[in-house]
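*Asks:* Submitted below is the structure of interest, expressed as C-alpha cells.
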Amino acid sequence: MTKNVFVPGLTELQRAEISTVEISGGLRLHGLLDYESLVEAEEFDFDELLDRARAELRAFDGSVDAIIAHWDFPTSVIVPILAAEHGLPAPSLDSVLRSEHKLWSRVLQRESVPECVPDFCGFDPFDPNALDSIDLDFPFWVKPVKAHSSQLGFEVRDRAEFAAAVETIRAEIGRIADPFDQALARVTVPEEVRVAGGRTCLAEQIVTGTQAAPEGSMADGEYRIHGVFDMRKDATGHSFAHLDYPARTVPESVRDTMIEVTERYLRHVGYDNGCFNSEFMWDADTGQLWLIEINTRISQSHSDLFVKVDGTSNHTVAIDVALGHAPEMPHRKGHFAVAAQCMVPCYEDGVVTRVPDKSRIDALRRRFPDTVVNIDVAPGDRLSQLPNQDPYRYKLATLYLGAADHDELEQRYQDCLAALPFEFEEVD
C-alpha cells in the first residue's frame, strides 16, 4: 500500500532527492507548511505554525503515515509533536529539545561524555555585567542557545569584541529565541539552564583541529551509522567551504570514537526513533577529541552526496525510521567514489548585479554530469541583508560535485568557481 509521507518546508531539490528512495508499495510525497514560513520568515510564531500544520493534516483526505524533519527549528520541534499526536514513530519532544538547546545539551554532554566537552558557561546577553559571570579566558566563542547554522556566533578576543558581539545578539536574538521559548514551555527545563530562557547565550572554549561528522539513526533502540563526512573550513577558519564524503581526514580509530561518543550521548538523553548527525573536532597534535554538537535529524547537506556515492539519499533512512521500519542504506552503489558540497563564498558586502545564467549552469552540468548548482542570491540582493547567513562570509551558491578521487574533486570545484561569474555594486 502506498505510504503518505509529509515533509515540512518541502523544496523541489528535496523532492528530487527523495525520488531516489524506494519502499515497498511506494510512497506519495506531500509538503507540509511552506519553506518561506518555516525557514525564510522574518518572524516565527511557534504555536501558530503548529496549529497551521495540524489543520493541514486534518484536511488531508487519506492516511498520515510518516512525518519527517529536515530543517532546523522550528521544523525540528514541530515534527515530534505532530508525530506523537498521530501515533507515529518519532523521538520524544524532551529528547529533541535537550539537544536543540545548546546549553542544555552541553550540560548533558558533561554528564555522559565529559572527556569530549570543552569548557562552557551560560549567560544573559541583556545583563550589563554578563562578562563578569563568564569564567573563561579570552578568546572564546559566544552564541545563542538556539540559532540557525552559525548565525550570531562570534569569536571574541577582548572586552570590546565581547561588547560588540552582545550588542548584535541583543538586536537579533528574538527572531529565534521567542518562538523557541514557546517550544520550551512544553517541557520542564532544569534550573541550571534556564538563565534567560530562549534568549540565553553560551560562552565556550575555542577548540581547533580537523572536523568530521557521523550521521546515523536510532530506531527501536538500535543504533546505526550510515556515513561519516569531512567538514573543511575556508582559509579564515570560521566558515565551512566543503563537506566531503566519505571522510578521510581522521584515522579510523578516531571515527570509531566519534561514533561511540554519539551513541553514549543519545542514549543518555533518551533519543530514539529518529535520525541524527554529530560534529566533532579532532586535534591531531594532542589526540584530543571534542564534541561540537549533535543535531536531531539527517543533514540535507549530505543528501545529494549519499546519492552520488551510495546510490540513494539519506532520506531513505529518515523515511524508514518514520514509518517504523528497520532502516536500510546501500553502500557505495553510486556513480562516484567521492562527492562534496562546496560553497561559493563572498567576504565583502555588496549589492548583487549579476548571477550566472541558465546557459552557463547548463554548460557546466554538461561538462561535469550530475553536478547540482543552487544559486542562493539574485540581482538586487544586498548580501548583508540576506537571511540565515553566518557572521564571517556570505553564501552566493552551493555546489554538489562528484568525482573519481579527491584530486579530481578539488579541480572540479576550482573549475566551477571560474565558470560561475557573480558581479556586485559596492556599498558604503
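The values are calculated or read from the model by the stated rules, or taken from the named source; none is laboratory data. Small disclaimer: the values here were computed from a predicted structure and weren't measured. Note that each Cβ is placed from the backbone with ideal geometry, even for glycine, and that neighbours are counted across all protein chains shown. All accessible areas refer to the heavy atoms of the entire protein, side chains included, with ligands and DNA or RNA removed. Shrake-Rupley method; radii C 1.70, N 1.55, O 1.52, S 1.80 Å.
*Asks:* So PRO125 ticks every box in (1) at pLDDT 95 or above; (2) more than 19 Å from THR208 (Cα to Cα); (3) out of contact with any Lys or Arg (no Cβ under 6 Å at 6 or more places or on another chain); (4) surrounded by 19 or more Cβ atoms within 10 Å (Cβ to Cβ) but one. Which box is left unticked?
*Replies:* Of the numbered conditions (1) at pLDDT 95 or above; (2) more than 19 Å from THR208 (Cα to Cα); (3) out of contact with any Lys or Arg (no Cβ under 6 Å at 6 or more places or on another chain); (4) surrounded by 19 or more Cβ atoms within 10 Å (Cβ to Cβ), the odd one out for PRO125 is (3).
*Asks:* Return the only residue of PHE306, PHE280, PHE276 being part of a helix (DSSP H, G or I) and at pLDDT 95 or above.
*Replies:* Values: PHE280 fails: part of a helix (DSSP H, G or I); PHE276 fails: part of a helix (DSSP H, G or I).
Criteria check complete, one pass: PHE306.
*Asks:* Can you find a residue that is in contact with a Leu (Cβ under 7 Å, 6 or more places away or on another chain) and either surrounded by fewer than 21 Cβ atoms within 10 Å (Cβ to Cβ) or under 24 Å from PHE73 (Cα atoms) (or both) anywhere in segment 306-318? So that I can check it myself, show each step before the final result.
*Replies:* In the first step, residues of segment 306-318 are kept if they are in contact with a Leu (Cβ under 7 Å, 6 or more places away or on another chain); the result is none.
Scanning segment 306-318 turns up no residue that is in contact with a Leu (Cβ under 7 Å, 6 or more places away or on another chain) and either surrounded by fewer than 21 Cβ atoms within 10 Å (Cβ to Cβ) or under 24 Å from PHE73 (Cα atoms) (or both).
*Asks:* List the pairs whose first member sits in segment 131-154 and is under 23 Å from GLN300 (Cα atoms) and at pLDDT 95 or above, whose second member is in a loop (DSSP other than H, G, I, E, B) and open to solvent by 20 Å² or more (accessible area, probe 1.4 Å), and whose Cβ atoms are under 6 Å apart, counting only residues at least 6 apart or on separate chains?
*Replies:* Correct list of pairs: PRO144/LEU152.
*Asks:* Quick check on my filter: what residues within segment 4-22 are open to solvent by 30 Å² or more (accessible area, probe 1.4 Å) and touching a Ser or Thr at 6+ places or on another chain (Cβ under 8 Å)?
*Replies:* THR20, GLU22
*Asks:* In addition: What number of residues within segment 331-372 are over 23 Å from TYR392 (Cβ atoms) and surrounded by 15 or more Cβ atoms within 10 Å (Cβ to Cβ)?
*Replies:* Final tally of qualifying residues: 12.
*Asks:* So, in segment 219-265, of the ones that are assigned to a loop (DSSP other than H, G, I, E, B) and of a type in the set (Asp, Glu), which residue ends up least open to solvent (accessible area, probe 1.4 Å)?
*Replies:* Within segment 219-265, the subset assigned to a loop (DSSP other than H, G, I, E, B) is 220-221, 234-239, 246-251.
Still in the list and also of a type in the set (Asp, Glu): 220, 234.
Values: ASP220: 124, ASP234: 22 Å².
Among residues in segment 219-265 that are assigned to a loop (DSSP other than H, G, I, E, B) and of a type in the set (Asp, Glu), the one least open to solvent (accessible area, probe 1.4 Å) is ASP234.
*Asks:* In segment 193-218, what count of residues is obtained for those that are small (Gly, Ala, Ser), open to solvent by less than 10 Å² (accessible area, probe 1.4 Å) and more than 20 Å from the chain's Cα centre (by Cα)? Give the steps one after another, and end with the answer.
*Replies:* Taking segment 193-218 first, the residues small (Gly, Ala, Ser) are 196-198, 203, 209, 212-213, 216-217.
Keeping just the survivors that are open to solvent by less than 10 Å² (accessible area, probe 1.4 Å) gives 198, 203, 212-213, 216-217.
Narrowing further to those that are more than 20 Å from the chain's Cα centre (by Cα): 203.
Summing the residues that are small (Gly, Ala, Ser), open to solvent by less than 10 Å² (accessible area, probe 1.4 Å) and more than 20 Å from the chain's Cα centre (by Cα) in segment 193-218 gives 1.
*Asks:* Would you pick out the residues in segment 386-415 that are open to solvent by 60 Å² or more (accessible area, probe 1.4 Å) and among the polar types (S, T, N, Q)?
*Replies:* Hits for segment 386-415 are GLN411, GLN414.
*Asks:* Kindly provide the set of residues from segment 283-296 that are crowded, with 23+ Cβ neighbours inside 10 Å and in contact with a Gly (Cβ under 9 Å, 6 or more places away or on another chain), ordered by number.
*Replies:* Of everything in segment 283-296, just one residue is crowded, with 23+ Cβ neighbours inside 10 Å and in contact with a Gly (Cβ under 9 Å, 6 or more places away or on another chain), namely THR296.
*Asks:* List pairs: first in segment 245-267 and free of Cβ contacts under 8 Å to residues at least 60 places away in the same chain and on the phi < 0 side of the Ramachandran plot, second open to solvent by 60 Å² or more (accessible area, probe 1.4 Å) and among the charged types (D, E, K, R), Cβ under 8 Å, 6+ apart or cross-chain?
*Replies:* THR249/ARG232
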